[in-house]
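Here is the structure we will look at.
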Amino acid sequence: MTMIRATLATISTLLALALPAAAADDFIAAPTLRASITVTSDVVRIGDLIDNAGSAAMIPVYRSPDLGTTGTLTVGQVLSVLRAKQVIGVMTGDIKEVQVTRLARTLASKDIENAVAAALERRFGLGEAANITVTFDRSVAEMRLDASNTGALQPVATRYDARSGRFDIAFEIANDSNPVPTKLRFSGTAIEMVEVAVLTRDIDRAELLKSSDVSLERRPKAEVTGEPASRDRTLGMQLRRAMRAGTPIRLADIVKPDFVLRDQAVTIIYQVPGLYLTTRGKAIESGAEGDTVSVLNLQSKRTLTGTVTGRGQVTVQGASQSAPMAPAVERTSSLKRDDVPAPVDTAALVRNLIQTPASPAQVAQAPIPQARISQAPAKSE
């Protein structure tokens, strides 16, 4: 009898210890409603709505919201559906409604434009992708794909007509949940653009281009034959011909401003080492700074060639002018030191440049000058 009582006591003790543990297990395992959930597939399952759904977790109960959107369900709606699937005793707490968000991958229109430009870059005669402007046949505002489409936009077929600018490109995107990639196709027009300086008003050839005369615009490359001019490059320059407002400017259209104009009165500067003279003249042709032009010396009536060095200014370098050289010195035994050539008569060169030339009769009667080594007579031994 004593042994029976001891056995019963032991069983009672074990039951007392087991009951709290079983109650704890029942509390942890109780299904609990979620207030906010996110899904990636096109259906919502019981396991998405509640924790501890057990074997019922994979049962679908709702169609998911549209890609990238959020839907709302009342607690009463959710419990009613769960009871129909034999799921009862769901803990709701103070939840009033359940928000269901469907995840998505969003492709902005700019992302698709960049993908098209990258597929055409340096192909079919086009240049950098950054200079290609893409226009789609159908408006592409924003595309939403299933979140499982995690791959990059990979072009698999590209067609382009250089004359019309038409393109037709097929892309594929790798899918994490499906071995078959998602396929996308776009068509439209792709034009290569260039930045070019454009006239804001009609400009005559003689005018210098100012900051207000030029703006920078992007134009189709086909409209600009030749190398386009940048805005900074055009300022202070002249046009080779008169041009109308809105015309793009090429490098071939601009020249340095003319500092000397044809028939303009100019100052002729004559330079040789140690000598600087100026005289009046008239330009026979126009020229920019650094150009070589012909000018007429108004005093001597001679035509000279010089370099434009400033506005209304032409410089004639002495070394470039043909001038009579001093005759050779005859060697004599009366000279004590080595013979040296006589220096060039600079005054004679200047007179030859700026003074009125003598008549033929005067030239015939003029004696031929003899070179001298020094003004003092040589002493004999």
| remark: Exactly one of G274, G246 is outside the structural domain of T133 (by TED's automatic domain parsing) and not hydrophobic (A, V, I, L, M, F, W, C), and that residue is G274
| task | Go through the residues of segment 38-45 one by one and say whether even a single one is more than 30 Å from R105 (Cα to Cα), at pLDDT below 95 and not acidic (D, E). | result | no
| said: For segment 109-122, give me the residue count where each residue is assigned to a loop (DSSP other than H, G, I, E, B) and among the basic types (K, R). | reply: 1
| task | Select from segment 72-105 the residues that are surrounded by fewer than 13 Cβ atoms within 10 Å (Cβ to Cβ) and among the polar types (S, T, N, Q) and write down the one among them that is nearest to E142 (Cα to Cα). | result | T72
| Taking the stated definitions as given, is S212 free of Cβ contacts under 8 Å to residues at least 24 places away in the same chain and under 30 Å from A245 (Cα atoms)? | yes
| message | Scan segment 119-130 and tell me whether some residue there is under 31 Å from the mean Cα position of the chain (by Cα), of a type outside the set (V, I, T), under 17 Å from R185 (Cβ atoms) and surrounded by 18 or more Cβ atoms within 10 Å (Cβ to Cβ). | response | yes
| query | Given the structure, is S212 modelled with pLDDT under 90 and more than 30 Å from R166 (Cβ to Cβ)? | reply | no
| Inside segment 23-56, can you point out the residues that are of a type in the set (A, V, I, L, M), in a loop (DSSP other than H, G, I, E, B) and buried (at least 16 other Cβ atoms within 10 Å of the Cβ)? | A53
| request: Would you be able to tell me the number of residues in segment 210-232 that are charged (D, E, K, R), surrounded by fewer than 15 Cβ atoms within 10 Å (Cβ to Cβ) and not in a strand (DSSP E or B)? | output: 4
| query | Only one of (1) free of Cβ contacts under 8 Å to residues at least 12 places away in the same chain; (2) over 20 Å from D51 (Cβ atoms) fails for R83. Which number is that? | reply | (2)
| request: Could you pull out the residue among V272, V266 that is within 14 Å of T309 (Cα to Cα) and either in contact with a strand residue (DSSP E or B) (Cβ under 9 Å, 6 or more places away or on another chain) or crowded, with 18+ Cβ neighbours inside 10 Å (or both)? | output: V266
| task | Enumerate the strands (runs of 3 or more DSSP E) found wholly within segment 235-354, keeping only those where 3 or more residues are modelled with pLDDT under 90 and of a type in the set (D, E). | result | none
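Conditions tested, residue by residue: (1) aliphatic (A, V, I, L, M); (2) in contact with a strand residue (DSSP E or B) (Cβ under 7 Å, 6 or more places away or on another chain).
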position: D213; (1), (2): no, yes
position: E217; (1), (2): no, yes
position: V224; (1), (2): yes, yes
position: S230; (1), (2): no, yes
position: T234; (1), (2): no, yes
position: R241; (1), (2): no, no
position: A245; (1), (2): yes, yes
position: L251; (1), (2): yes, no
| query | Only one residue in T101, T106 is outside any loop (DSSP other than H, G, I, E, B), in contact with an Asp or Glu (Cβ under 7 Å, 6 or more places away or on another chain) and under 30 Å from G47 (Cβ atoms). Which one? | reply | T106
| query | Taking segment 131-142 as the region of interest, how many residues are surrounded by 16 or more Cβ atoms within 10 Å (Cβ to Cβ) and within 19 Å of R105 (Cα to Cα)? | reply | 1
| query | If we scan segment 140-161, do we find a residue that is assigned by TED's automatic domain parsing to the domain that holds T38 and without any contact (Cβ under 8 Å) to a residue 24 or more places away in the chain? | reply | no
| task | State the number of residues belonging to segment 148-173 that are within 32 Å of the chain's Cα centre (by Cα) and in a loop (DSSP other than H, G, I, E, B). | result | 8
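The values are calculated or read from the model by the stated rules, or taken from the named source; none is laboratory data. Since the structure is predicted, the reported quantities are computational estimates derived from the model, not experimental observations. Cβ atoms come from the backbone with ideal geometry, glycine included; neighbour counts cover every protein chain shown.
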